[in-house]
Amino acid sequence: MAEPGESVVEKAEMRRFMMDCLAKAGADHGHAEQLAEVLVEGDYRGHYSHGLNRLGMYVSDLEKKVCKGSGEPEILKERAGTAWVDGHNLLGPVVGNFCIDLAVKKAKEAGVGWVVAKGSNHFGIAAWYSMRAMKEGMMGLSFTNTSPISYPTRSAKPALGTNPLSLAAAGNAEDSFVLDMATTTVAVGKIEIAARKEMQVPETWGVAAGGKHTTDPQEILDGGGVLPLGGPELSGGYKGYGLAALVEIFCGIMGGAHWGPNVRRWMSTSGDADLGQCFIAVDPEAFAPGFPDRMQQFMDTMRGLPEADEGKAVEVAGDSEKRHEQLCDRLGGISYHPNQIKFAHELADKLGVEPPRLVQRD
(Lines give C-alpha, C1' and ligand atoms only; values in the text may rest on other atoms or scores of the structure.)
Protein backbone atom coordinates (compact mmCIF):
# COMPACT_ATOMS: atom_id res chain seq x y z
CA MET A 1 0.00 0.00 0.00
CA ALA A 2 0.96 3.65 -0.22
CA GLU A 3 3.03 4.93 2.68
CA PRO A 4 1.19 6.92 5.39
CA GLY A 5 0.66 10.49 4.23
CA GLU A 6 1.20 9.69 0.56
CA SER A 7 -1.39 10.53 -2.08
CA VAL A 8 -2.45 8.40 -5.04
CA VAL A 9 -3.11 9.81 -8.52
CA GLU A 10 -4.46 7.77 -11.43
CA LYS A 11 -2.03 7.44 -14.33
CA ALA A 12 -4.45 9.04 -16.79
CA GLU A 13 -5.09 11.95 -14.41
CA MET A 14 -1.39 12.63 -13.88
CA ARG A 15 -0.89 12.47 -17.65
CA ARG A 16 -3.71 15.01 -18.09
CA PHE A 17 -2.17 17.35 -15.54
CA MET A 18 1.27 17.15 -17.12
CA MET A 19 -0.11 17.72 -20.61
CA ASP A 20 -2.04 20.77 -19.40
CA CYS A 21 1.12 22.22 -17.83
CA LEU A 22 3.26 21.57 -20.90
CA ALA A 23 0.65 23.00 -23.26
CA LYS A 24 0.41 26.16 -21.14
CA ALA A 25 4.19 26.42 -21.30
CA GLY A 26 4.13 26.32 -25.10
CA ALA A 27 4.25 22.71 -26.28
CA ASP A 28 2.08 21.42 -29.12
CA HIS A 29 -0.51 18.81 -28.10
CA GLY A 30 1.41 15.93 -29.66
CA HIS A 31 4.70 16.99 -28.13
CA ALA A 32 3.12 17.51 -24.70
CA GLU A 33 1.51 14.07 -24.95
CA GLN A 34 4.79 12.32 -25.80
CA LEU A 35 6.62 13.95 -22.90
CA ALA A 36 3.80 13.34 -20.41
CA GLU A 37 3.71 9.64 -21.35
CA VAL A 38 7.42 9.26 -20.60
CA LEU A 39 7.20 11.15 -17.29
CA VAL A 40 4.21 9.15 -16.06
CA GLU A 41 5.94 5.92 -17.06
CA GLY A 42 8.94 6.97 -14.98
CA ASP A 43 6.79 7.36 -11.87
CA TYR A 44 4.79 4.20 -12.66
CA ARG A 45 8.01 2.17 -12.80
CA GLY A 46 9.21 3.68 -9.51
CA HIS A 47 11.79 6.05 -10.99
CA TYR A 48 10.34 9.10 -9.23
CA SER A 49 13.47 11.07 -10.05
CA HIS A 50 12.40 11.10 -13.72
CA GLY A 51 8.67 11.72 -13.53
CA LEU A 52 6.73 14.50 -11.82
CA ASN A 53 10.03 15.57 -10.29
CA ARG A 54 11.19 16.63 -13.77
CA LEU A 55 8.05 18.49 -14.87
CA GLY A 56 9.13 21.89 -13.57
CA MET A 57 12.39 21.70 -15.53
CA TYR A 58 10.59 21.04 -18.81
CA VAL A 59 8.05 23.80 -18.14
CA SER A 60 10.86 26.25 -17.43
CA ASP A 61 12.74 25.28 -20.60
CA LEU A 62 9.60 25.76 -22.71
CA GLU A 63 8.68 29.08 -21.09
CA LYS A 64 12.19 30.45 -21.53
CA LYS A 65 12.28 29.06 -25.09
CA VAL A 66 15.55 27.24 -24.55
CA CYS A 67 13.86 24.27 -26.22
CA LYS A 68 11.14 24.10 -28.88
CA GLY A 69 7.59 22.88 -28.33
CA SER A 70 6.82 22.29 -32.01
CA GLY A 71 8.59 20.99 -35.09
CA GLU A 72 10.04 17.70 -36.32
CA PRO A 73 13.44 16.00 -36.12
CA GLU A 74 15.38 15.82 -39.38
CA ILE A 75 17.43 12.97 -40.86
CA LEU A 76 20.78 14.46 -41.91
CA LYS A 77 22.52 11.32 -43.13
CA GLU A 78 21.23 7.81 -43.73
CA ARG A 79 22.35 4.33 -44.77
CA ALA A 80 20.60 0.96 -44.68
CA GLY A 81 21.22 0.35 -40.99
CA THR A 82 22.20 3.79 -39.69
CA ALA A 83 21.02 7.38 -39.48
CA TRP A 84 22.22 10.70 -38.08
CA VAL A 85 19.40 12.95 -36.86
CA ASP A 86 19.12 16.62 -35.91
CA GLY A 87 16.66 16.98 -33.05
CA HIS A 88 16.36 20.73 -33.75
CA ASN A 89 16.25 21.43 -29.99
CA LEU A 90 12.87 19.71 -29.58
CA LEU A 91 11.71 18.01 -26.39
CA GLY A 92 13.80 14.92 -25.69
CA PRO A 93 10.98 12.36 -25.99
CA VAL A 94 9.95 13.77 -29.38
CA VAL A 95 13.50 13.23 -30.63
CA GLY A 96 13.86 9.90 -28.83
CA ASN A 97 10.62 8.40 -30.15
CA PHE A 98 11.51 9.48 -33.69
CA CYS A 99 14.97 7.93 -33.44
CA ILE A 100 14.07 4.60 -31.84
CA ASP A 101 11.18 4.11 -34.27
CA LEU A 102 13.59 4.76 -37.13
CA ALA A 103 16.09 2.31 -35.62
CA VAL A 104 13.37 -0.36 -35.35
CA LYS A 105 12.36 0.16 -38.97
CA LYS A 106 15.97 -0.28 -40.06
CA ALA A 107 16.49 -3.33 -37.83
CA LYS A 108 13.48 -5.06 -39.38
CA GLU A 109 15.10 -4.60 -42.78
CA ALA A 110 18.84 -4.83 -42.05
CA GLY A 111 18.98 -6.75 -38.75
CA VAL A 112 20.42 -3.77 -36.86
CA GLY A 113 19.34 -0.13 -36.73
CA TRP A 114 21.71 2.42 -35.19
CA VAL A 115 20.52 6.02 -34.95
CA VAL A 116 22.40 8.89 -33.33
CA ALA A 117 20.95 12.36 -32.69
CA LYS A 118 22.31 15.80 -31.91
CA GLY A 119 20.31 18.83 -30.82
CA SER A 120 18.20 16.96 -28.27
CA ASN A 121 17.14 17.58 -24.68
CA HIS A 122 16.57 15.50 -21.54
CA PHE A 123 14.51 12.49 -22.68
CA GLY A 124 13.23 11.00 -19.41
CA ILE A 125 13.88 7.36 -18.50
CA ALA A 126 16.19 5.63 -20.97
CA ALA A 127 14.16 2.42 -20.66
CA TRP A 128 11.18 4.05 -22.39
CA TYR A 129 13.03 3.82 -25.71
CA SER A 130 14.62 0.40 -25.27
CA MET A 131 11.20 -1.00 -24.24
CA ARG A 132 9.57 0.71 -27.22
CA ALA A 133 11.88 -1.33 -29.47
CA MET A 134 11.29 -4.49 -27.42
CA LYS A 135 7.53 -4.20 -27.95
CA GLU A 136 8.27 -4.42 -31.70
CA GLY A 137 10.13 -7.71 -31.26
CA MET A 138 13.57 -6.11 -31.14
CA MET A 139 16.27 -5.90 -28.52
CA GLY A 140 16.50 -2.20 -27.74
CA LEU A 141 19.32 -0.04 -26.42
CA SER A 142 19.37 3.67 -25.62
CA PHE A 143 22.01 6.09 -24.37
CA THR A 144 22.22 9.82 -23.64
CA ASN A 145 24.84 12.24 -22.42
CA THR A 146 23.81 14.76 -19.77
CA SER A 147 25.06 17.88 -18.01
CA PRO A 148 28.53 17.55 -16.43
CA ILE A 149 27.95 16.71 -12.78
CA SER A 150 30.16 13.63 -12.39
CA TYR A 151 33.76 13.79 -11.20
CA PRO A 152 35.94 11.57 -13.43
CA THR A 153 38.39 9.44 -11.46
CA ARG A 154 41.23 11.65 -10.10
CA SER A 155 39.52 14.86 -11.28
CA ALA A 156 39.00 17.88 -9.01
CA LYS A 157 35.98 19.06 -10.98
CA PRO A 158 32.98 17.52 -12.77
CA ALA A 159 33.35 16.89 -16.50
CA LEU A 160 30.86 14.14 -17.47
CA GLY A 161 27.16 13.55 -16.99
CA THR A 162 25.32 10.69 -15.35
CA ASN A 163 25.23 9.31 -18.92
CA PRO A 164 22.59 6.58 -18.53
CA LEU A 165 22.17 3.51 -20.69
CA SER A 166 19.39 0.99 -21.14
CA LEU A 167 18.91 -2.45 -22.68
CA ALA A 168 15.58 -4.24 -23.02
CA ALA A 169 15.23 -7.84 -24.18
CA ALA A 170 12.14 -10.06 -24.08
CA GLY A 171 11.89 -13.63 -22.89
CA ASN A 172 8.66 -15.64 -22.96
CA ALA A 173 5.15 -14.90 -21.66
CA GLU A 174 5.72 -11.13 -21.41
CA ASP A 175 8.76 -11.59 -19.19
CA SER A 176 11.68 -9.28 -19.91
CA PHE A 177 15.08 -8.01 -18.89
CA VAL A 178 15.08 -4.20 -18.72
CA LEU A 179 18.32 -2.58 -17.61
CA ASP A 180 18.17 1.18 -17.01
CA MET A 181 21.13 2.63 -15.15
CA ALA A 182 23.21 5.73 -14.71
CA THR A 183 26.95 5.33 -15.05
CA THR A 184 27.34 7.24 -11.78
CA THR A 185 26.74 6.08 -8.22
CA VAL A 186 23.25 7.55 -8.44
CA ALA A 187 21.03 9.57 -10.78
CA VAL A 188 20.88 13.30 -10.01
CA GLY A 189 17.11 13.09 -9.79
CA LYS A 190 17.35 10.84 -6.73
CA ILE A 191 19.41 13.51 -5.01
CA GLU A 192 16.78 16.10 -5.97
CA ILE A 193 14.06 13.87 -4.51
CA ALA A 194 16.04 13.57 -1.26
CA ALA A 195 16.44 17.35 -1.12
CA ARG A 196 12.71 17.84 -1.71
CA LYS A 197 11.91 15.37 1.06
CA GLU A 198 14.54 17.04 3.29
CA MET A 199 16.43 13.75 3.71
CA GLN A 200 20.15 12.99 3.92
CA VAL A 201 21.81 10.74 1.33
CA PRO A 202 24.50 8.04 1.69
CA GLU A 203 28.05 9.38 1.86
CA THR A 204 28.99 7.35 -1.23
CA TRP A 205 26.56 9.24 -3.48
CA GLY A 206 28.29 12.54 -4.00
CA VAL A 207 30.62 15.33 -3.03
CA ALA A 208 30.38 19.02 -2.21
CA ALA A 209 32.23 21.63 -4.26
CA GLY A 210 35.92 20.78 -4.21
CA GLY A 211 35.38 17.04 -3.91
CA LYS A 212 34.66 16.54 -0.19
CA HIS A 213 32.18 13.74 0.54
CA THR A 214 28.83 14.90 1.91
CA THR A 215 25.45 13.51 2.94
CA ASP A 216 23.68 16.83 2.29
CA PRO A 217 21.86 16.58 -1.06
CA GLN A 218 21.78 20.36 -1.42
CA GLU A 219 25.57 20.58 -1.17
CA ILE A 220 25.82 18.03 -3.98
CA LEU A 221 23.43 20.04 -6.14
CA ASP A 222 24.97 23.44 -5.29
CA GLY A 223 28.34 23.20 -6.98
CA GLY A 224 29.20 19.65 -6.01
CA GLY A 225 28.61 16.49 -7.98
CA VAL A 226 28.32 12.71 -8.06
CA LEU A 227 30.96 10.01 -8.38
CA PRO A 228 31.32 7.50 -11.21
CA LEU A 229 29.70 4.10 -10.67
CA GLY A 230 31.92 2.28 -8.19
CA GLY A 231 32.81 5.42 -6.26
CA PRO A 232 36.48 6.07 -5.43
CA GLU A 233 39.28 4.68 -7.59
CA LEU A 234 40.14 1.95 -5.07
CA SER A 235 36.63 0.48 -5.27
CA GLY A 236 36.48 0.51 -9.07
CA GLY A 237 35.22 4.00 -9.82
CA TYR A 238 37.45 4.12 -12.89
CA LYS A 239 35.18 1.47 -14.44
CA GLY A 240 32.15 3.71 -14.03
CA TYR A 241 34.22 6.54 -15.50
CA GLY A 242 34.96 4.27 -18.47
CA LEU A 243 31.28 3.45 -18.95
CA ALA A 244 30.36 7.14 -18.85
CA ALA A 245 33.03 7.81 -21.47
CA LEU A 246 31.61 5.01 -23.65
CA VAL A 247 28.18 6.66 -23.55
CA GLU A 248 29.76 10.05 -24.29
CA ILE A 249 31.49 8.63 -27.37
CA PHE A 250 28.25 7.02 -28.63
CA CYS A 251 26.27 10.21 -28.05
CA GLY A 252 28.15 13.50 -27.94
CA ILE A 253 31.19 12.54 -30.01
CA MET A 254 29.51 10.37 -32.65
CA GLY A 255 26.46 12.64 -32.84
CA GLY A 256 28.36 15.90 -33.27
CA ALA A 257 26.53 17.28 -30.23
CA HIS A 258 27.93 19.00 -27.16
CA TRP A 259 30.00 16.61 -25.08
CA GLY A 260 31.49 16.33 -21.60
CA PRO A 261 32.23 19.69 -19.98
CA ASN A 262 30.89 21.49 -23.07
CA VAL A 263 27.30 20.53 -22.23
CA ARG A 264 25.50 23.31 -20.34
CA ARG A 265 25.41 23.03 -16.56
CA TRP A 266 22.57 21.17 -14.86
CA MET A 267 19.33 23.22 -14.68
CA SER A 268 20.95 26.07 -16.60
CA THR A 269 18.85 27.80 -19.25
CA SER A 270 21.72 29.70 -20.86
CA GLY A 271 21.68 28.30 -24.38
CA ASP A 272 20.60 25.07 -26.01
CA ALA A 273 21.36 21.78 -24.28
CA ASP A 274 22.38 20.14 -27.60
CA LEU A 275 22.47 16.69 -26.02
CA GLY A 276 23.67 13.70 -28.02
CA GLN A 277 21.64 10.49 -27.90
CA CYS A 278 22.06 7.01 -29.35
CA PHE A 279 19.37 4.44 -30.12
CA ILE A 280 19.98 0.87 -31.26
CA ALA A 281 17.48 -1.80 -32.30
CA VAL A 282 18.62 -5.37 -32.95
CA ASP A 283 16.51 -8.13 -34.49
CA PRO A 284 17.36 -11.33 -32.56
CA GLU A 285 16.11 -13.35 -35.54
CA ALA A 286 19.18 -12.12 -37.46
CA PHE A 287 21.32 -14.27 -35.16
CA ALA A 288 21.02 -17.70 -33.50
CA PRO A 289 17.43 -19.06 -33.43
CA GLY A 290 15.64 -19.50 -30.10
CA PHE A 291 16.60 -16.18 -28.50
CA PRO A 292 13.40 -15.78 -26.38
CA ASP A 293 13.74 -19.29 -24.93
CA ARG A 294 17.40 -18.81 -24.02
CA MET A 295 16.66 -15.35 -22.63
CA GLN A 296 13.95 -16.83 -20.43
CA GLN A 297 16.23 -19.63 -19.32
CA PHE A 298 18.91 -17.10 -18.41
CA MET A 299 16.53 -14.98 -16.32
CA ASP A 300 15.04 -18.04 -14.61
CA THR A 301 18.54 -19.31 -13.80
CA MET A 302 19.56 -16.00 -12.23
CA ARG A 303 16.36 -15.78 -10.20
CA GLY A 304 16.78 -19.38 -9.06
CA LEU A 305 20.23 -18.89 -7.53
CA PRO A 306 20.47 -19.58 -3.77
CA GLU A 307 19.86 -16.55 -1.58
CA ALA A 308 22.81 -15.08 0.31
CA ASP A 309 20.31 -13.44 2.70
CA GLU A 310 17.13 -15.35 3.44
CA GLY A 311 14.09 -13.62 2.00
CA LYS A 312 16.10 -11.59 -0.53
CA ALA A 313 15.77 -13.42 -3.82
CA VAL A 314 18.15 -12.82 -6.71
CA GLU A 315 16.52 -10.59 -9.32
CA VAL A 316 17.23 -9.49 -12.86
CA ALA A 317 17.04 -5.96 -14.23
CA GLY A 318 13.46 -4.75 -14.38
CA ASP A 319 12.03 -6.98 -11.63
CA SER A 320 11.76 -4.19 -9.05
CA GLU A 321 10.04 -1.95 -11.62
CA LYS A 322 7.48 -4.69 -12.35
CA ARG A 323 6.70 -4.95 -8.64
CA HIS A 324 6.17 -1.20 -8.46
CA GLU A 325 3.85 -1.30 -11.47
CA GLN A 326 1.84 -4.06 -9.79
CA LEU A 327 1.63 -1.98 -6.59
CA CYS A 328 0.35 1.01 -8.57
CA ASP A 329 -2.24 -1.21 -10.25
CA ARG A 330 -3.48 -2.42 -6.85
CA LEU A 331 -3.64 1.16 -5.53
CA GLY A 332 -5.46 2.39 -8.61
CA GLY A 333 -2.72 4.89 -9.40
CA ILE A 334 0.74 6.19 -8.52
CA SER A 335 1.54 7.14 -4.92
CA TYR A 336 3.34 10.44 -4.34
CA HIS A 337 5.08 12.01 -1.35
CA PRO A 338 3.16 15.03 0.07
CA ASN A 339 5.94 17.40 -1.02
CA GLN A 340 5.57 16.22 -4.62
CA ILE A 341 1.81 16.86 -4.52
CA LYS A 342 2.49 20.26 -2.97
CA PHE A 343 4.85 21.04 -5.87
CA ALA A 344 2.17 19.95 -8.36
CA HIS A 345 -0.39 22.29 -6.79
CA GLU A 346 2.07 25.20 -6.79
CA LEU A 347 2.85 24.60 -10.46
CA ALA A 348 -0.87 24.34 -11.26
CA ASP A 349 -1.54 27.68 -9.55
CA LYS A 350 1.33 29.32 -11.40
CA LEU A 351 0.17 28.07 -14.82
CA GLY A 352 -3.56 28.35 -14.21
CA VAL A 353 -4.37 24.67 -14.74
CA GLU A 354 -6.34 22.20 -12.65
CA PRO A 355 -4.10 20.34 -10.18
CA PRO A 356 -4.05 16.53 -10.23
CA ARG A 357 -7.13 15.01 -8.62
CA LEU A 358 -6.35 12.42 -5.95
CA VAL A 359 -7.79 8.93 -5.68
CA GLN A 360 -10.12 8.90 -2.69
CA ARG A 361 -8.97 6.34 -0.15
CA ASP A 362 -11.02 4.65 2.57
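The values are calculated or read from the model by the stated rules, or taken from the named source; none is laboratory data. Nothing here was measured: the structure is a model prediction, and the numbers come from that model. Note: ideal-geometry Cβ built from the backbone for every residue, glycine included; neighbour counts use all protein chains shown.
At a glance:
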quantity	calculated
Options Ala244, Ala209, Ala273; residue that is buried (at least 22 other Cβ atoms within 10 Å of the Cβ), in contact (Cβ under 8 Å) with a residue 12 or more places away in the chain and touching a helix residue (DSSP H, G or I) at 6+ places or on another chain (Cβ under 9 Å)	Ala273
Residue in region 4-23 that is in contact (Cβ under 8 Å) with a residue 24 or more places away in the chain, assigned to a loop (DSSP other than H, G, I, E, B), within 19 Å of Gly276 (Cα to Cα) and out of contact with any strand residue (DSSP E or B) (no Cβ under 9 Å at 6 or more places or on another chain) present	no
Conditions (1) touching a Lys or Arg at 6+ places or on another chain (Cβ under 7 Å); (2) in a loop (DSSP other than H, G, I, E, B); number of the one not met by Ser70	(1)
Every residue from region 173-206 that is assigned to a strand (DSSP E or B) and surrounded by fewer than 19 Cβ atoms within 10 Å (Cβ to Cβ)	Leu179, Met181
Given (1) farther than 23 Å from Ala245 by Cβ; (2) part of a strand (DSSP E or B), index of the condition Asp101 fails	(2)
Close pairs from region 32-45: first touching a residue at least 12 places away in the same chain (Cβ under 8 Å), partner of a type in the set (Asp, Glu), Cβ under 8 Å, at least 6 apart	Tyr44/Glu325; Arg45/Glu321; Arg45/Glu325
Total residues in region 35-55, condition in a helix (DSSP H, G or I) and within 13 Å of His122 (Cβ to Cβ)	9
Which listed residue, of Gly318, Gly304, Gly236, Gly332, is loosely packed, with under 13 Cβ neighbours inside 10 Å and more than 30 Å from Lys68 (Cβ to Cβ)	Gly304
Condition broken by Asp309, with the remaining ones in (1) surrounded by 12 or more Cβ atoms within 10 Å (Cβ to Cβ); (2) outside the structural domain of Glu37 (by TED's automatic domain parsing); (3) not β-branched (Val, Ile, Thr) satisfied	(1)
Matching residues, region 318-357, being part of a helix (DSSP H, G or I) and of a type in the set (A, V, I, L, M)	Leu327, Leu331, Ile341, Ala344, Leu347, Ala348, Leu351
